[in-house]
Structures are given as structure tokens and as C-alpha cells.
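The values are calculated or read from the model by the stated rules, or taken from the named source; none is laboratory data. Predicted model, so just to flag it, every value in this text is computed and none were measured. Because the Cβ atoms are built from the backbone with ideal geometry, glycine has one as well, and the counts that use them run over all protein chains shown.
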Amino acid sequence: MKTIDLVVPCYNEEEGLEHFVLETNKVIDTIPDYSFRYILINDGSKDKTYLVMKKLAARFSNIKYISFSRNFGKEAAMYAGLQHCDADYVVVMDADLQHPPAVFPQMIEAMEQGYDCCATKRDEREGESFFRGFFSKLFFTLSNKMTSVKNPYGAMDYRMMTRQMVNSILELSEVQRFSKGIFSWVGFNTKWISFKTVDRQLGTTSWKFSSLLRYAIDGITCFSVTPLRFIAVMGAIIFFISLIYIIITLVQTLFLGVITPGYVTTMCAILFLGGLTEMSIGILGEYIGRIYMETKERPIYITKFSNFEDENNEEADSGSYE
């Protein structure tokens, strides 16, 4: 019997976590010849997600959990789950049921056909605003053009992978992580399947526009130096334009006399160059900041509680956590 681990990052999922497990169980109970195990990761939730995990682990023998000492982010939670899995196939999915377990049979079929990964993408999403949809498409367009990793529009983290692909992902231990790019960077044969996502029914999303913008910046800067090259190109263009302007000014001065420069022209040049300088410093700062964080060699996450046998640091009395 082949085994499948379900890696599920959780942040403030108190309301919907039990519902997620029950709904997922309905699907896996219909899939013979495969043994499923949950690896739930509590990413420093502020609600009682950890207590719900403990309750579910006591109720179902195939549930393991890891609880972080604080919020380290979804990327760290996925990495922790992948580190602790040992199954033949591994699924990464969210706990809000926007990644429907009903897709499992399609994923398994693709894996049995010889694919290393079966990944999902969304064609459309109910209730998504035009504003968010526009920037989502813009991100995928820029990312595919500016980086070496390619993802179709609507690509999601929700996917099933072979043991070999997971081991390859774990070799990339950088602190600043962007899993969509990492999944693509390691290669392997991937089959894409699409489905229509819906809004979550329980709980609230922790993703705000500012978080998505930060995530998009990470996606580009983690796998591309194009922004740095953009600065170099812009600097060269401005240099040649300035050189031409200087030559024109010298010729006019020699043949027409001293010309008093216009106020508008001066202000436009100052504002343009000042804005470009600030932007350049900001881009450089992004990359320098990443170098700074990586050189610290801090752990990607810190475990506070876990029911894995090899690192069982569970406290007998967790009343203070409530």
C-alpha cells in the first residue's frame, strides 16, 4: 500500500480545521490502496488552532502536528511539513477547503502515469475583484518574463509530489523562500490540472493586499536579478541622454551665447533623477536585505510542540496556552 502525506499549514484555523479534516476524510475513505496521513502545522496562530489540532490528533491516529513558537509564515510552515514527511507521495494544501480534496484521484492518476508532480491552477475564482485579478495576472506575466522559473496563470501551491522531488526541494534551505518558484526551479515532470475555486466558508483569510504585494516582490527577487539590470540600463540611458543634452547646450552657448535654463526643465530633471535614485536604492536594499538575512543562518522555524515520536516535546499541561 502506497502512502500519502498531507502537509497543511494552518494560521488561525480554529473555526474550520475540524471541518477540513472531516471533509477530507470523506474523500480519502473512497480511495483504496493508499494510506493517508495528515501533517498539520500551526504557524503561531493567535486563536485555539493548536488545541483543535490536539483534539483531532487524539481522535484520529493518522494526524500529526507541529506547532511553531511564533508566526514564521506559510513558506516556513510548508518547509516544516516537507521535512517531517516520509510518504511515497506528498500533498501540499491549505486548510480552508479552497484546495478541494476531491482532486486527489486526479492527482494520483497523474502520479501513476509517471509524472513527478501534479500541480493545480485556477481558471477563475468566484467573488474575486477586478482589481485583485488584474494584479494577479500582472504578477504572473512579470514573473514569467523576468525570472527563470515559469508558472501558468493561476498556479497554486496545491500539488502532489514524489518523494524524489520533495527531497530535492529540501536541499534548498534558504530562509527567504518562495515555494512556487522553488517547485518550478527543481524541475521534474509536472502535470497541471485546473479547477474553479470558491470563497472560504469558515474562518477569514489572513491575506491582505499588502501581504500579496510583499509575496509578489519575494517571487521576483528570489529568482531574478532583472531589477538590478534594469537599474544599470536606466543609468546608461540617462547617461547618454545627459551627454547629448550637454553637447547641445555647449553648441548653443558657443554659437548663440549664454542661455538661461528654464525653471520647468530644471525641476523636471531634478524630480525625475531624484525619484529614479530613490527607486534604485530601494531595489538595491531588497537584495542587500536578503543577503543580510541569509548570512545570519537563522533557522527557518522553531518548533514549540509536536507529536512526532522523534521530537516529542509535548507538555502534559497546556492550560496556559488557552
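For every residue, the table says whether it meets (1) farther than 19 Å from TYR158 by Cβ; (2) without any contact (Cβ under 8 Å) to a residue 12 or more places away in the chain; (3) assigned to a strand (DSSP E or B).
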site: MET53; (1), (2), (3): yes, no, no
site: LEU56; (1), (2), (3): yes, no, no
site: ILE66; (1), (2), (3): yes, no, yes
site: ARG70; (1), (2), (3): yes, no, no
site: ALA76; (1), (2), (3): no, no, no
site: TYR79; (1), (2), (3): no, no, no
site: GLN98; (1), (2), (3): no, no, no
VAL103: passes all of (1) closer than 23 Å to ARG163 by Cα; (2) surrounded by fewer than 24 Cβ atoms within 10 Å (Cβ to Cβ); (3) in contact with a helix residue (DSSP H, G or I) (Cβ under 6 Å, 6 or more places away or on another chain); (4) touching a residue at least 60 places away in the same chain (Cβ under 8 Å) but (3)
Of all residues in region 88-100, which are over 24 Å from GLY16 (Cβ atoms) and either among the aromatic types (Phe, Trp, Tyr) or surrounded by 21 or more Cβ atoms within 10 Å (Cβ to Cβ) (or both)? TYR89
Restricting to region 28-50, and then to whatever is part of a strand (DSSP E or B) and under 25 Å from the mean Cα position of the chain (by Cα), can you tell me which residue is nearest to PRO105 (Cα to Cα)? PHE36
Does ASP116 meet the test of being modelled with pLDDT of 65 or more and more than 25 Å from SER168 (Cα to Cα)? no
Give ALA80, ALA110, ALA87 a once-over and let me know the one that is at pLDDT 90 or above, under 21 Å from CYS10 (Cβ atoms) and over 16 Å from the mean Cα position of the chain (by Cα). ALA87
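This table checks each residue for (1) more than 19 Å from LEU97 (Cα to Cα); (2) surrounded by fewer than 22 Cβ atoms within 10 Å (Cβ to Cβ).
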{"residue": "VAL8", "(1), (2)": "no, no"}
{"residue": "GLU15", "(1), (2)": "no, yes"}
{"residue": "PHE20", "(1), (2)": "no, no"}
{"residue": "VAL27", "(1), (2)": "no, yes"}
{"residue": "TYR34", "(1), (2)": "yes, yes"}
{"residue": "ARG37", "(1), (2)": "no, yes"}
Region 164-182, residues that are hydroxyl-bearing (Ser, Thr, Tyr) and under 16 Å from CYS117 (Cβ atoms): SER168, SER179
